1. For a protection proxy built on the mean count of beta-carbon atoms within 10 angstrom, sort 178-188, 41-51, 108-118 highest first, please.
2. Report, in whole Å, the centroid distance computed from the Cα atoms of segment 144-176 and segment 45-98.
3. Once you have a ≥ b ≥ c as the square roots of the Cα gyration tensor eigenvalues for segment 32-108, tell me rounded if a/c is under 1.5, and otherwise prolate or oblate according to whether a/b is larger than b/c.
4. Rule-of-thumb check for segment 73-180: C-alpha Rg over 2.2 N^0.38 Å?
5. What residues have an amide H closer than 5 Å to that of L137, excluding those fewer than 5 places away on the same chain, when H is modeled at 1.01 Å from N in the peptide plane?
Amino acid sequence: MNKSFWLDLDLKASFTPVECGTTIMAFEFADGVVLGADSRTTSNCMVSNRVTDKINRITDNVYCCRSGSAADTQQLAEEVSILMWRRKMHTGQQTLVRDVAAEFRDKCYTGRRCLLAGIIVGGWDDLHGAQVYNISLGGMMTRENFSYGGTGSIYISGMLRDAYRPNMEKEDLVLLVQSALKQAIYHDSFSGGVARIAIITKEGIERRVYYNTSTGKAQATGADEILGSSEAKKTRES
């Protein structure tokens, strides 16, 4: 056996991409869109990050959810964000959600042989209102009322299709996203951590974090006060 055999194995392992085995989703409602994602990043069987933020700002009115290779999707989000910033500085006009999705589509299609990236774009603009676009592996873009992706989505697809309605109230939709992420985290070993939710409307962006507990709040002593809750301190359950 070649003496460099084991060295070659080590080198191959060192270049294994860190993947976002994940659960992401986005939904339109009457006044905007709701995006949701878990926070676990995995590398093979190892959890490399428990608190990843997979909902990234592209512009003030457009955000994206990332799944696939963490490095690929982070770089894509950064590049598209810079391009949209330059376009806004040049034109002085609000960024259209469709333009952001089209930029992701072009980059994913051009790099389809080397990129592992699935993107969901959601946002609000004055021209078309609330919009959700799904950019799948390979660069195909589709406009949808709601979209989901990642390894955990196969466990909750039926739940989402049965429960979602286009004109849901904001809090009802947030509850659906929170419940779906909780189920995905329970069933999918690659999804985990906390549930991150972003609500985008004409007025702006609202971010929320729900813990994987029965109430969605932290159970550690003092954490509720840090999060701004008026409830009494809770002790950690044994």
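1. Most protected by this proxy first, the peptides run 178-188, 108-118, 41-51.
2. 22 Å
3. Cα axes put segment 32-108 in the prolate bin.
4. Rounded to two decimals, the normalised Rg is 1.17.
5. The list, which skips near neighbours in sequence, is empty: none.
FYI, it's all coordinate maths here, none of it is from the lab. The structure displayed is predicted, hence computed values, not measured ones. Glycine gets a Cβ as well: all are built from the backbone with ideal geometry, and neighbour counts include every protein chain shown.
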